[in-house]
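Enquirer: To start, I am sharing the structure in question, which I have written as structure tokens.
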Amino acid sequence: MGDNEQVAKLVAGDQEIDLPIMGGSVGPQVIDVSKLYGNTGFFTYDPGFTSTASCESKITYIDGDEGVLLYRGYPIEELAVKSDFPEVSYLLLNGELPNKAEYEQFVHDVTYHTMLHEQMINFYGGFRRDAHPMAIMCGVVGALSAFYHDSTDINDPHQRMVASFRLVAKMPTIAAMAYKYSAGQPFIYPDNSLSYAENFLNMTFSVPAEKYKASPTLSKAMDRIFILHADHEQNASTSTVRLASSSGANPFACIAAGIACLWGPAHGGANEAVLKMLEEVGSVDKIPEFIAKAKDKNDPFRLMGFGHRVYKNYDPRARVMQQTCHEVLGELGITDDPLLDLAMELERIALEDEYFVEKKLYPNVDFYSGIILRAMGFPTSMFTVLFALARTVGWVAQWNEMIEDPMQKIGRPRQLYTGATKRSYVDLDARG
Ligand code: CMC
């Protein structure tokens with residue numbers, strides 16, 4: 001350690017050691033404990049990683065107290081209004097906004113990977129029609145690993161780039177096909193003359209008998225929803241992708257692992273859970289009853305779409321989402337959506353309630369997204385699929401960053417063992 005380096009002093013038992021303090025460009029400094037065990041024999045203990053930085057990253061930054069979210073330094077509110085999803089994808093993957101030529105090349109490269117290997121269609125037929133589309137996504141995205149062998153050498157930057165394009169490009173096709181399968185409608189192939197968001201809407205809502213044309217407002221809203229979900233630093237599913245990939249595993253299989261993690265109601269599954277909750281609440285007069293349930297320690301119920309591990313302020317994505325919600329309902333001529341009224345009233349009551357104020361529980365990205373998606377015609381079961389579709393570029397950017405990181409090692413947490421100590425096997429006959 002150099003003379004000017006900042007250190008944290010740790011006294012553990014009869015040992016005292018200096019731990020280096022590392023600073024990022026913004027945000028809390030970190031205490032480097034990587035040599036702690038080697039030097040002292042102690043592990044650290046941090047269930048849920050509430051105080052642990054698992055990696056160094058340059059992609060996304062969140063200031064949870066201020067309610068700030070930056071992709072490569074750019075505020076989410078600006079990107080949501082001024083950019084589009086392909087440009088944001090380029091930014092996340094490459095670190096800088098593209099110039100015109102780079103943008104066009106990127107759109108071209110992604111667009112020309114939108115089709116799925118024809119044989120992959122067979123996988124869908126293996127699922128029951130009532131299968132949850134997230135179950136189908138896990139299966140089909142995992143199956144990509146059996147099809148695209150020329151993009152699985154993770155140490156070859158070119159193959160990694162091709163895998164990245166394939167994942168970002170094919171996810172809308174896979175997601176739309178999951179929907180079509182559950183609806184009993186024929187699959188619609190990608191149309192490369194359409195934008196990323198329009199193409200997805202077309203593959204989802206078009207049928208051979210009737211052409212579908214999304215309005216510019218709806219396409220823009222879809223694109224914006226993708227931007228808002230594109231990355232969110234080391235959340236559970238991203239950490240899952242990083243951990244799975246840290247062993248050198250197949251990239252497509254690792255993204256399937258991320259999808260599995262995202263599905264849970266505490267994570268990406270919350271958008272589906274919010275809508276179910278609003279339907280269960282049903283009317284404004286029932287809100288106090290549900291607020292009371294959410295506050296009751298003996299009741300597992302939580303207000304879905306509320307609270308966040310990092311945000312202790314309004315989630316900036318939720319603000320953009322609420323605005324988009326009004327735009328979409330306006331475009332669709334829905335002047336009065338009882339679920340939106342209910343959501344806004346629930347938000348108002350919760351934000352005035354001492355419990356939510358004291359615990360700093362604010363609406364998160366999932367609180368309003370379901371209302372928009374439902375108005376656009378998506379069934380509830382598709383909500384988390386759309387999250388997965390959009391988050392894929394974030395997973396892929398983080399995966400690339402991890403592989404290029406010289407400090408990268410296989411992820412292998414330690415534990416505090418509290419089980420039985422060594423004992424001898426007792427024959428079955430001799431057990432009481
Ligand atoms: N309703 C009622 N109480 C809550 C809620 C909620 N939605 N969220 C947190 N709390 C309480 C919790 O009971 C705890 O109370 P206490 O300190 O008395 O034990 C306190 O607030 C802190 O909660 P925590 O569970 O320790 O916080 P966490 O950081 O582990 O959990 C969370 C974060 C997002 C899982 C949680 O807030 C939650 O379950 N929210 C509802 C699900 C949801 O909306 N998830 C989407 C998150 S944003 C999108 C995404 O990540 O995919």
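Enquirer: Any chance you could run the full-extension gain for residue 37 through residue 82? It's 0.36 nm times the residue separation minus the Cα-Cα distance, nm to one decimal.
Expert: Taking 0.36 nm per residue and subtracting the Cα distance, the gain is 11.4 nm.
Enquirer: Quick one: helix 196-205 against the long Cα principal axis of the chain, what's the angle to the nearest 10°, folded into 0 to 90?
Expert: 60 degrees
Enquirer: Starting from the Cα of residue 65, move 7 Å in the Cα-to-Cβ direction to define the label point; list residues of the range 300-320 whose amide nitrogen is under 15 Å from there.
Expert: 310-314
Enquirer: Here is a follow-up. Who wins for biggest fluctuation among 391, 317, 160 in a Gaussian network model of the chain, springs between alpha carbons below 10 Å?
Expert: 160
Enquirer: Running Debye on the range 21-65 with equal point scatterers at the Cα sites and no solvent, what base-10 log of I(q)/I(0) appears at q = 0.20, 0.31 Å⁻¹?
Expert: One equal scatterer on each Cα of the range 21-65 leads to -0.80, -1.32.
Enquirer: Rounded to the nearest 10 degrees, what's the angle between the helix 366-376 long axis and the longest principal axis of the chain, both from Cα atoms, 0 to 90?
Expert: 20 degrees
Enquirer: Residue 409 to residue 211: FRET efficiency via 1/(1 + (r/R0)^6), r the Cβ-Cβ distance, R0 41 Å, to the nearest 0.05?
Expert: Details: r = 52 Å, r/R0 = 1.28.
With R0 = 41 Å, the Cβ-Cβ based efficiency is 0.20.
Enquirer: Which peptide among 136-146, 89-99 comes first, and what is the full order, when sorted by highest mean count of other Cβ atoms within 10 Å?
Expert: The densest-packed peptide leads the list: 136-146, 89-99.
Enquirer: Tabulate in residue order the Karplus-calculated ³J(HN,Hα) for the range 385-398, using 6.51 cos²θ - 1.76 cosθ + 1.60 with θ = phi - 60°, rounded to whole Hz; enter x for Gly and Pro.
Expert: 4, 5, 4, 4, 4, 6, 6, 3, 5, x, 4, 5, 4, 5
Enquirer: Moving on to the next point. As an exercise, identify the chymotrypsin sites (Phe, Trp or Tyr not before Pro) in the range 341-432 lying in DSSP coil whose Cβ has no more than 14 other Cβ atoms within 10 Å.
Expert: 417, 425
Enquirer: Can you put 431, 348, 302 in order of Cβ neighbours within 10 angstrom, beginning with the fewest?
Expert: If I rank by nearby Cβ atoms, fewest first, I get 431, 348, 302.
Enquirer: Identify all lysines with a Cα-Cα distance to residue 180 below 16 Å; exclude those on the same chain that are fewer than 8 residues away in sequence.
Expert: 170, 211
Enquirer: Can you give me the Cα centroid spacing of the range 1-42 and the range 251-304 in angstrom?
Expert: Their Cα centres are 39 Å away from one another.
Enquirer: What does the extension gain come out to for residue 150 and residue 16, with contour length at 0.36 nm per residue minus their alpha carbon separation?
Expert: Answer, rounded to one decimal: 43.1 nm.
Enquirer: As I understand it, the value is the acute angle between the Cα axis of helix 133-143 and the longest principal axis of the Cα atoms of the chain; what does it come to in degrees, rounded to 10?
Expert: Value to nearest ten degrees: 70.
Enquirer: Hey, quick one: spin label on residue 51, modelled 7 Å out along Cα-Cβ, who in the range 3-26 has an amide N within reach, i.e. under 17 Å?
Expert: 7-13, 17-22
Enquirer: Quick one: 3J(HN,Hα) in Hz for the range 346-354, Karplus 6.51/-1.76/1.60 with θ = phi - 60°, rounded, Gly and Pro as x.
Expert: 4, 4, 4, 5, 5, 6, 9, 7, 4
Enquirer: When the helices in the chain are scored as -39500 (n - 2.57) per DSSP H run of 4 or longer and the sum is shared across all residues, what 222 nm value do you end up with, to the nearest 500 deg cm²/dmol?
Expert: Calculated at 222 nm, the ellipticity per residue is -15000 deg cm²/dmol.
FYI, it's all coordinate maths here, none of it is from the lab. Here the structure is a predicted model, which means the values were calculated and not measured. Here Cβ is always computed from backbone atoms with ideal geometry, including for glycine, and neighbour counts include all displayed protein chains.
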